[in-house]
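The values are calculated or read from the model by the stated rules, or taken from the named source; none is laboratory data. Note that this is a predicted model, so its numbers are computed, not measured. As a convention, Cβ positions derive from the backbone with ideal geometry for all residues, glycine included, and neighbour counts pool all protein chains shown. The protein model used for the area step is the full one, side chains on, heavy atoms only, and it has no ligands, DNA or RNA in it. Shrake-Rupley method; radii C 1.70, N 1.55, O 1.52, S 1.80 Å.
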Amino acid sequence: MTKVSRLLRVAALMLAVMLSLALFAGCKKDKETVSSKEASQVTTSMDNTEIVDQYADKNHPTLPETMDLGGFEMTFATPSPKYIIPEEGSSPEEDLIIEALREAQDKYNFTVYVMQVEQDGWDEAMTAIVAGEEYANVLMPCIHQSGAFLQSRLCADYLQSDIAQYIDQTQPWWNDTMAYASNVLGSVYAGASAIQSPADATYVVFFNKTLAMELGIGENELYDLWDKKEWTWDAFVKYAKLAGKDLDGNGSVDSINDQWGYVGPGYDSAQAFCSSAKVASVTTTDGMNPTYTFNTSHAITTLTKLNQLYTTDGIYCYDSWDNVNRTYTKMFAAGQALFFTTGLSGITDELVREMEDDWGVLTYPLGPKEGGGWQDKYMSRVNHNFRLCLIPTTVEDKASTAFVLESMTFNYFKIINEKVDTYATLYCRDDKSVEIANTVYNTSTYEISQFLYSINNHAWNAQIETKIRDLVKQANYDVSGNMNSVAELGQQMINDYFNGI
């Protein structure tokens, strides 16, 4: 597809989006309706597209069609107000969010406020809650910042009656892998709400279509593999091996100046590969019997294969892992890599949008299954920077809080297809990428370990999860020896977290 034809396609799609948004224009209320104030493992067996479309034009299945909450004031504490109340007119997809919020407010007579918290300003919230203050109805820290709240039992249990009467995390507008991940000894302390779509932060695989064609890969070859559930780790490696090319003339493919099979942020991308194979450092049985599991036979075998993928298969450019300069994005945008792994929202990245080469989107490949073969379902990890919904124990009216949170979550869920489809349709280069982008919500997976990242002065990350960092960079890494060497320490940290120590 030429740059001119891409521009024509985008222009036509922009017109279509604007026309669809115009349908809402007559329903909009004054901006004052939306207020703000400042202060210091499987979600569903169905494809997301199908399940969302089932509810797109329907009322909530259990909440009353109308209810007067008497102007209940609902305050969200978050560093990212745009997830709750975007700036009107900032983008077509964010205008959809505003409409979803207004619809819920009108139906139930409540008002939403946003208390903006600094990115690392959650100590103040913890201090306030310990002192008995309500602080906010819902806290939205990142997953990796939430562990301290859960460990200190400062969050209400989503299973307690005044909350559970309205919120059921087995419904598709919540992610039930989060209900599993945040289950501590039978109490569920966090929710992954569709208020911030997990799809946006779920790791996917971008591929350079122009380069693929040059390498002899058929135009729809990778998409066909995806359709047939043959898009696996082995397929990923097989195709990535075709792409290595010495561009700087030194006789080998060994620098960011060369062409590679794969670029991306090593640690987070590798963790997403783990989730695609159902490998985790911590597992429970419905919140009970928490166990260190990086040293199970399935984990050892799979992590050994992952070490080979990143080091000895010769496909991954380790030096592309530069989060400050975003070297991985720049290399992919410059046509120097066949595959690039990042969150789905990378579709909106200007560097990717402006690429001369055509590109496509795939979910993470199917990982190895315990006992042999490949997983039956595409899965991938949601980035640990995703914002959760925690209800402080000090909230006085938990029932109204749960009611409003549920109504907003449902309304925001109903527009997930339209929201993702809006930016996917605007920026993707082919219809199959748009289709796949709309299924990513269904692959979104959370892990218990994400809560442990920052506890005990980041000890878990430094001493346990850092093994994944080493695995990405050290060839012939002793997976069994290293994973077993921290088993006792890991189990003690897990016990302390679950026991609230």
For the range 423-501: accessible area per residue (Å², 1.4 Å): 35
Cα pair distances in the range 220-280, grouped into 10 Å bins until the bin that holds the longest one, percent each: 19, 37, 33, 10, 0
Positive-end residue, the range 230-305 charge dipole about Cα centroid, Cβ charges, pick of T293, L247, N257: T293
Whole-Å semi-axes of the ellipsoid equivalent to the range 305-366 (Cα gyration tensor, √5λ, descending): 21, 14, 11
Global size of the range 133-190 as Cα Rg and Dmax, reported in angstrom: 11.3, 32
Two-site label geometry, Q308 and N495: point separation in nm, points 7 Å out along Cα→Cβ: 3.6
Enclosed volume per residue, in Å³, of the convex hull spanned by Cα atoms of the range 174-294: 154
Calculated diffusion of the range 371-425, Stokes-Einstein form, Kirkwood radius summed over Cα pairs, 37 °C and 0.692 mPa s, µm²/s: 219
Solvent-accessible ranking of T111, T401, largest area first, probe 1.4 Å: T111, T401
Debye equation applied to the C-alpha atoms of the range 414-482, log10 I(q)/I(0) at 0.13, 0.22, 0.24 Å⁻¹: -0.67, -0.86, -0.95
Of T62, N109, V361, farthest towards positive along the dipole that unit charges on Lys, Arg, Asp, Glu beta carbons give the chain: V361
FRET efficiency, 1/(1 + (r/R0)^6) with R0 22 Å, evaluated for Q54 and T170 via beta carbons: 0.90
For the range 106-111, 3J(HN,Hα) per residue [Karplus equation, 6.51 cos²θ - 1.76 cosθ + 1.60, θ = phi - 60°, Hz, x = Gly/Pro]: 5, 5, 10, 6, 9, 10
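Using only DSSP helix segments of four residues or longer, with each worth -39500 (n - 2.57), what per-residue ellipticity at 222 nm results for the chain after dividing by its residue count and rounding to 500?
Helix-only estimate at 222 nm: -11500 deg cm²/dmol.
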Calculated from backbone phi, Karplus (6.51, -1.76, 1.60) coupling profile of the range 187-200 in Hz, x at Gly/Pro: 10, 9, 9, 8, x, 9, 8, 6, 4, 10, 4, x, 4, 4
Phi-based couplings in Hz for the range 209-226 (Karplus 6.51, -1.76, 1.60; Gly and Pro marked x): 5, 5, 5, 4, 5, 5, 8, x, 7, x, 3, 10, 4, 5, 5, 5, 4, 4
Entries in K398/K467; K209/K467; K229/K305 that, when Cα-Cα distance is taken, lie over 29 Å: K398/K467; K209/K467
Label-point gap, in nm, between E370 and E134 - each point 7 angstrom along Cα→Cβ: 4.5
Length-normalised contact order of the range 405-501 in % [C-alpha pairs under 8 Å, at least 6 apart]: 15
Semi-axes of the equivalent ellipsoid for the chain, Cα gyration tensor, largest first, Å: 37, 30, 19
Pairs of alpha carbons in the range 345-436 whose separation is greater than 17 Å (percent): 70
10 Å-binned pair-distance histogram of the range 112-220 (Cα, whole percent): 11, 35, 28, 9, 10, 6, 0
Amide H contacts under 5 Å for T75, placed H, 5+ residues apart: Y113, N137, V138
L159 long-range amide H proximity, modeled H, under 5 Å: V188
The chain - percent of accessible surface contributed by carbon and sulfur, probe 1.4 Å: 48
Surface accessible to a 1.4 Å probe, per residue, for the residues of the range 184-310, Å²: 34
Using alpha carbons only: equivalent-ellipsoid semi-axes of the range 382-501, gyration tensor based, whole Å: 35, 27, 9
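If Lys and Arg each add +1 and Asp and Glu each add -1, what is the summed charge of the other residues whose beta carbon sits under 15 Å from the beta carbon of W122? The partial results should precede the final answer.
On the way: positive: R387; negative: E118, D120, D123, E124, E133.
Taking every Cβ under 15 Å from that of W122, the sum is -4.
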Distant-in-sequence amide H partners of G343 (H built 1.01 Å from N, under 5 Å): V204
